[in-house]
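Novice: Starting off with a structure, shown below.
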Amino acid sequence: TATESPSAISPASFVRTPQRLPYALSVGVLVVGGALGALVGPVPGVGFLTLVQDLALLLWAAAIANLCRSPAALRVLLRTWAWSAIGWVCVLFVALATGNNTLAGVTARQGSRVSLTFGDPNVAANYFFISIMIIWAIGHPRHRGLRLLATAMLLVAMAMTGSNGGLVSVLTGTGVAVVVATARRFSLTQALATACAFLLLVFTASLLVKPQAIFEWAHDSNYAILRDSIGRGTKSASDRQMILSQAMPLLYRGGLLGQGPVSTKPRLQ
């Protein structure tokens, strides 16, 4: 057959793929509102830098959305997430075994809590939790034994972060996953019955279990990870109450436009 010249190629040979930009409207509203607030706030320069970070995250979300146009592409992305999470947990364990606190993210301010490369133990706990849910949602690694091993490693890593919020996330996520799995495998009625059983269990536990006693027991424990996680439950709750009491007056004094991103700390000072 004769070879066609480039000029002979039909325009129909080129497929124009529309580019998706998810969250554009919502992030746009946040950026515009943040920019207006930053103009009248105490830290306009740093505030605008934060808005640039928001735009970078928007473009990253757009890149993922446009990449995962097919089930095959999404499968590759999620499997990459699953295996990379397992790899990062191994890196964390090696860092702890070799005493590399910089890589493990252990600081004097956070005590024995690890944060890996996230800079915050709570953010690290969120990453580990999301990774657990992805591993079981996609059924990868395929071998159930490997999935259980990976889950156990991620749970241990979550425990090392000392994040109480991470613990609540695991319990809540497991409950939701069980209810959804029941609905898919059996029926909606049985799923509702399972959800009601969970709620009854939580309500009963709230009546019988005394959190303060558990906090005090963990606070006096010989194990640092218990002291730095459950043991700080009382302080964690009081800190959040303090943050709320400080934030509400700032909200009322912020004016119609607000004071811009990352202005809370300077205004409190």
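The values are calculated or read from the model by the stated rules, or taken from the named source; none is laboratory data. Being a predicted model, the structure only gives us computed values, none of them experimental. So basically every Cβ, Gly included, is an ideal-geometry build from the backbone, and we count neighbours across all protein chains shown. Quick note on the areas: whole protein, heavy atoms, side chains included, nothing else; ligands and nucleic acids left out. Shrake-Rupley method; radii C 1.70, N 1.55, O 1.52, S 1.80 Å.
Novice: Name the one entry in 246, 212 that is in contact with a Leu (Cβ under 9 Å, 6 or more places away or on another chain) and either open to solvent by less than 50 Å² (accessible area, probe 1.4 Å) or assigned to a helix (DSSP H, G or I) (or both).
Specialist: Selected residue: 246, the only one of 246, 212 that is in contact with a Leu (Cβ under 9 Å, 6 or more places away or on another chain) and either open to solvent by less than 50 Å² (accessible area, probe 1.4 Å) or assigned to a helix (DSSP H, G or I) (or both).
Novice: While we're on this one: Scan segment 17-61 for residues that are over 18 Å from residue 257 (Cα atoms), of a type in the set (Ser, Thr, Tyr) and within 20 Å of the chain's Cα centre (by Cα) and jot them down.
Specialist: 23 - this is the single residue of segment 17-61 that is over 18 Å from residue 257 (Cα atoms), of a type in the set (Ser, Thr, Tyr) and within 20 Å of the chain's Cα centre (by Cα).
Novice: For segment 43-66, how many residues are surrounded by 15 or more Cβ atoms within 10 Å (Cβ to Cβ) and either of a type in the set (A, V, I, L, M) or touching a Lys or Arg at 6+ places or on another chain (Cβ under 6 Å) (or both)?
Specialist: 7
Novice: Looking at (1) surrounded by fewer than 18 Cβ atoms within 10 Å (Cβ to Cβ); (2) closer than 25 Å to residue 74 by Cβ, which is the one condition that is false for residue 98?
Specialist: Result: residue 98 passes all but (2).
Novice: Filter segment 132-173 for residues that are basic (Lys, Arg) and in a helix (DSSP H, G or I); which is farthest from residue 215 (Cα to Cα)? Break it down stepwise before answering.
Specialist: Within segment 132-173, the subset basic (Lys, Arg) is 142, 144, 147.
Cutting the leftovers down to in a helix (DSSP H, G or I) gives us 144, 147.
On the way: 144: 35, 147: 32 Å.
By that ranking, first place goes to 144.
Novice: Which condition number in (1) touching a residue at least 40 places away in the same chain (Cβ under 8 Å); (2) basic (Lys, Arg); (3) over 20 Å from residue 114 (Cα atoms) is the one that residue 227 fails?
Specialist: Every condition holds for residue 227 apart from (3).
Novice: Going through 218, 195 one at a time, which residue ends up being modelled with pLDDT under 80 and either open to solvent by less than 50 Å² (accessible area, probe 1.4 Å) or touching a strand residue (DSSP E or B) at 6+ places or on another chain (Cβ under 8 Å) (or both)?
Specialist: Answer to the selection: 218.
Novice: Can you spot a residue in segment 67-83 that is assigned to a helix (DSSP H, G or I), open to solvent by less than 30 Å² (accessible area, probe 1.4 Å) and farther than 30 Å from residue 262 by Cα?
Specialist: Initially, segment 67-83 is screened for residues assigned to a helix (DSSP H, G or I), giving 67, 71-83.
Checking which are open to solvent by less than 30 Å² (accessible area, probe 1.4 Å) leaves us with 73, 82.
Within this subset, residues satisfying the condition of being farther than 30 Å from residue 262 by Cα are 73, 82.
Yes: one or more hits.
Novice: Still on this model: Could you tell me how many of the residues in segment 1-35 are at pLDDT 75 or above and assigned to a helix (DSSP H, G or I)?
Specialist: 12
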